Amino acid sequence: MLSALGLARAIEDGEITPAHALDLCADAIARRESDVGAFVTLDLEAARKAVERPGAKDTPLRGLPVALKDIFDTADMPTEYGSTIYAGYRPKYDASLVALIRRAGGTLLGKTVTTEFAHLDPGKTRNPVNLAHTPGGSSSGSAAGVAAGFFPIATGSQTGGSVIRPASFCGVAGFKPSYRLLPTGGMKCVSWHLDTAGLFAASVADVAFAAAAIGDRDLRVDGSKPSSPRIGVLREQPWAPASEDMVATLDNVARAASAGMARVRDIKLPPVMASAFRAHAVIQAYEAARSLASEYERSGDRLAKGVRELVETGFATGADAYDDARRTSSQARRALSDLMADVDVILSPSAPGAAPKGLGSTGSSTFNRLWTLMGTPCVNVPGLADPSGMPLGMQVIGRFGSDRATLEAALFVETVIARKG
């Protein structure tokens with residue numbers, strides 16, 4: 001993998017140029033893209049022209065290559081949202097986040113594979129750790145591309161578990177910020193109360209660097225040793241349990257954090273959280289039906305099966321059920337605030353286990369949906385694996401609006417994992 005922070009420092013120190021960083025990406029793409037299939041659009045020629053622009057090395061992103069999930073509008077590349085009904089579609093303007101990446105000095109490399117409309121139906125991408133396994137979704141190409149060394153930074157989006165889960169499956173850092181910390185204008189809307197823009201990079205410090213540069217916020221965590229956080233370990237949850245390997249890994253990480261001087265204790269979710277977990281599906285379906293109503297009415301027979309079923313479920317959901325789900329989510333946010341009064345972050349598996357074998361599914365998002373609904377910052381911490389060598393991810397969940405503190409706690413967890421070996 002390519003470290004965004006390491007490359008940026010090397011460019012700043014004059015050890016390499018932005019063009020050299022792009023060459024590293026191009027070499028990796030030439031070696032493995034035919035197997036991994038991370039890109040839906042790749043424009044190395046345009047990237048080479050852009051990276052030579054004057055002053056690129058003096059920008060916040062130092063001219064580093066960035067890949068965009070094909071759910072974000074781009075004026076100079078097709079934007080297809082993973083759907084055949086948008087084949088060749090060219091928006092007139094960039095999405096807000098894309099414009100910010102350009103302003104921060106990122107060199108746009110291409111568009112990465114997404115499931116159709118960021119839902120469930122898999123695309124062509126394979127997991128670079130083991131090509132027989134799914135990379136997760138919906139941000140399939142972004143997570144897999146970082147893991148394969150195709151680019152140091154990529155964008156993603158999460159409505160259920162589409163940043164944290166593929167990050168876990170591919171063994172990279174994924175950052176789902178607090179709801180709307182990163183702008184979603186020009187990002188294809190599926191569920192306006194859930195859709196959240198996020199980022200991928202090789203490590204926690206890398207993804208924090210990228211978020212700071214793009215969002216123009218104090219989010220970097222590489223300047224000093226992370227402090228020891230108060231960690232609440234979530235071992236029981238109102239959804240299907242994690243695999244034996246993941247449960248054992250959670251125990252090991254909790255012990256390592258405690259040995260690293262973190263204050264670690266088990267926590268239990270209040271009963272309203274189970275209701276909120278169920279409410280997520282109601283809100284997602286109801287809003288997706290209305291967001292995708294035109295596509296369904298005009299081209300319903302061309303939609304992927306999962307998207308079509310989601311829209312039909314949403315139209316069958318009454319407004320009263322939707323309003324009840326929204327009230328439940330508000331109650332759950334208040335309960336979560338009370339729960340976290342005595343802890344800085346929650347530690348939980350990022351997924352039920354390692355990436356499933358086969359490409360017919362992107363895996364389960366059960367460990368992510370509640371936190372997407374709560375709007376809290378979440379970070380997938382890489383560096384773990386099951387006995388077969390497939391990555392396992394630990395999820396660090398913070399309070400809404402406490403994104404830097406969450407990233408710092410994630411860096412602490414990443415550090416104790418590395419120390420434990």
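The values are calculated or read from the model by the stated rules, or taken from the named source; none is laboratory data. Please read these numbers as outputs of a predicted model, since none were measured by experiment. As a convention, Cβ positions derive from the backbone with ideal geometry for all residues, glycine included, and neighbour counts pool all protein chains shown.
May I ask you to list the residues in segment 5-24 that are in contact with a Phe, Trp or Tyr (Cβ under 8 Å, 6 or more places away or on another chain) and under 13 Å from GLY105 (Cα atoms)? Write out each step before concluding.
If we filter segment 5-24 for residues that are in contact with a Phe, Trp or Tyr (Cβ under 8 Å, 6 or more places away or on another chain), which is where we start, we get 5, 8.
Correct list: ALA8 only.
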Inset, instruction - Please find, among ALA341, ALA289, the residue that is over 26 Å from VAL146 (Cβ atoms) and surrounded by fewer than 18 Cβ atoms within 10 Å (Cβ to Cβ). - result: ALA341
Inset, instruction - Tell me, please, whether a residue that is within 18 Å of the chain's Cα centre (by Cα), more than 19 Å from SER162 (Cα to Cα), assigned to a helix (DSSP H, G or I) and of a type in the set (D, E, K, R) can be found in segment 393-410. - result: yes
Inset, instruction - Check segment 30-43 and report whether any residue there is of a type in the set (Ser, Thr, Tyr) and touching a residue at least 24 places away in the same chain (Cβ under 8 Å). - result: yes
Inset, instruction - Report yes if TYR93 is aromatic (Phe, Trp, Tyr) and free of Cβ contacts under 8 Å to residues at least 40 places away in the same chain, otherwise no. - result: no
Inset, instruction - Check CYS189 against each of (1) part of a helix (DSSP H, G or I); (2) over 9 Å from the mean Cα position of the chain (by Cα) and name the one condition it does not meet. - result: (1)
Inset, instruction - For segment 157-208, name all the residues that are surrounded by 24 or more Cβ atoms within 10 Å (Cβ to Cβ), within 20 Å of GLY401 (Cβ to Cβ) and of a type in the set (Phe, Trp, Tyr). - result: PHE175
Inset, instruction - Identify all residues within segment 105-121 that are touching a helix residue (DSSP H, G or I) at 6+ places or on another chain (Cβ under 7 Å) and not aliphatic (A, V, I, L, M); write none if there are none. - result: GLY105, THR107, THR112, THR114, THR115, GLU116, PHE117, HIS119, ASP121
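Restricted to segment 133-156, and to residues that are within 10 Å of the chain's Cα centre (by Cα) and part of a loop (DSSP other than H, G, I, E, B), which residue is surrounded by the fewest Cβ atoms within 10 Å (Cβ to Cβ)?
It comes out as GLY137.
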Inset, instruction - Return only the number of the condition from (1) of a type outside the set (Lys, Arg); (2) touching a helix residue (DSSP H, G or I) at 6+ places or on another chain (Cβ under 6 Å); (3) buried (at least 17 other Cβ atoms within 10 Å of the Cβ); (4) outside any helix (DSSP H, G or I) that HIS280 does not satisfy. - result: (4)
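This table checks each residue for (1) in contact (Cβ under 8 Å) with a residue 12 or more places away in the chain; (2) closer than 30 Å to VAL207 by Cβ.
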residue	(1), (2)
TYR296	yes, no
ASP301	no, no
LYS305	yes, no
TYR322	yes, no
ILE346	yes, yes
LEU359	yes, yes
PHE367	yes, yes
LEU373	yes, yes
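Would you call LEU370 at pLDDT 95 or above, of a type outside the set (S, T, N, Q), touching a strand residue (DSSP E or B) at 6+ places or on another chain (Cβ under 8 Å) and not assigned by TED's automatic domain parsing to the domain that holds SER83?
On the way: at pLDDT 95 or above: yes; of a type outside the set (S, T, N, Q): yes; touching a strand residue (DSSP E or B) at 6+ places or on another chain (Cβ under 8 Å): no; not assigned by TED's automatic domain parsing to the domain that holds SER83: yes.
It is false that LEU370 is at pLDDT 95 or above, of a type outside the set (S, T, N, Q), touching a strand residue (DSSP E or B) at 6+ places or on another chain (Cβ under 8 Å) and not assigned by TED's automatic domain parsing to the domain that holds SER83.
Do we find that TRP239 is outside the structural domain of TYR89 (by TED's automatic domain parsing) and in contact with a helix residue (DSSP H, G or I) (Cβ under 8 Å, 6 or more places away or on another chain) in this structure? Show your work before the answer.
On the way: outside the structural domain of TYR89 (by TED's automatic domain parsing): yes; in contact with a helix residue (DSSP H, G or I) (Cβ under 8 Å, 6 or more places away or on another chain): yes.
It is true that TRP239 is outside the structural domain of TYR89 (by TED's automatic domain parsing) and in contact with a helix residue (DSSP H, G or I) (Cβ under 8 Å, 6 or more places away or on another chain).
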Inset, instruction - Give the number of residues within segment 79-135 that are touching a Gly at 6+ places or on another chain (Cβ under 6 Å) and more than 29 Å from SER361 (Cβ to Cβ). - result: 3
Inset, instruction - Tell me which of these LYS57 doesn't satisfy, since it passes every other one: (1) modelled with pLDDT of 95 or more; (2) farther than 30 Å from VAL190 by Cβ. - result: (1)
Inset, instruction - Please go through segment 364-385 and pick out each residue that is over 16 Å from PRO128 (Cα atoms) and either of a type in the set (Gly, Ala, Ser) or part of a loop (DSSP other than H, G, I, E, B) (or both). - result: SER364, SER365, THR366, PHE367, ASN368, GLY375, THR376, PRO377
Inset, instruction - Kindly check whether there is at least one residue in segment 121-128 that is more than 23 Å from ALA202 (Cβ to Cβ), at pLDDT below 95 and either in contact with a His (Cβ under 7 Å, 6 or more places away or on another chain) or surrounded by fewer than 24 Cβ atoms within 10 Å (Cβ to Cβ) (or both). - result: yes
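Tell me, which residue of segment 244-264 that is out of contact with any helix residue (DSSP H, G or I) (no Cβ under 8 Å at 6 or more places or on another chain) and surrounded by fewer than 16 Cβ atoms within 10 Å (Cβ to Cβ) is nearest to ASN368 (Cα to Cα)? Even if it seems obvious, please write down each step before you answer.
Step one: of segment 244-264, the residues out of contact with any helix residue (DSSP H, G or I) (no Cβ under 8 Å at 6 or more places or on another chain) are 244-251, 254-255, 258, 261, 263.
Keeping just the survivors that are surrounded by fewer than 16 Cβ atoms within 10 Å (Cβ to Cβ) gives 244, 247-248, 251, 255, 261, 263.
Details: GLU244: 19, VAL247: 16, ALA248: 19, ASP251: 19, ARG255: 23, MET261: 27, ARG263: 24 Å.
If we take residues in segment 244-264 being out of contact with any helix residue (DSSP H, G or I) (no Cβ under 8 Å at 6 or more places or on another chain) and surrounded by fewer than 16 Cβ atoms within 10 Å (Cβ to Cβ), then VAL247 is nearest to ASN368 (Cα to Cα).
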Inset, instruction - Test each condition in (1) of a type in the set (Phe, Trp, Tyr); (2) surrounded by 22 or more Cβ atoms within 10 Å (Cβ to Cβ); (3) over 22 Å from PHE150 (Cβ atoms) for TYR86 and report the one that comes out false. - result: (2)
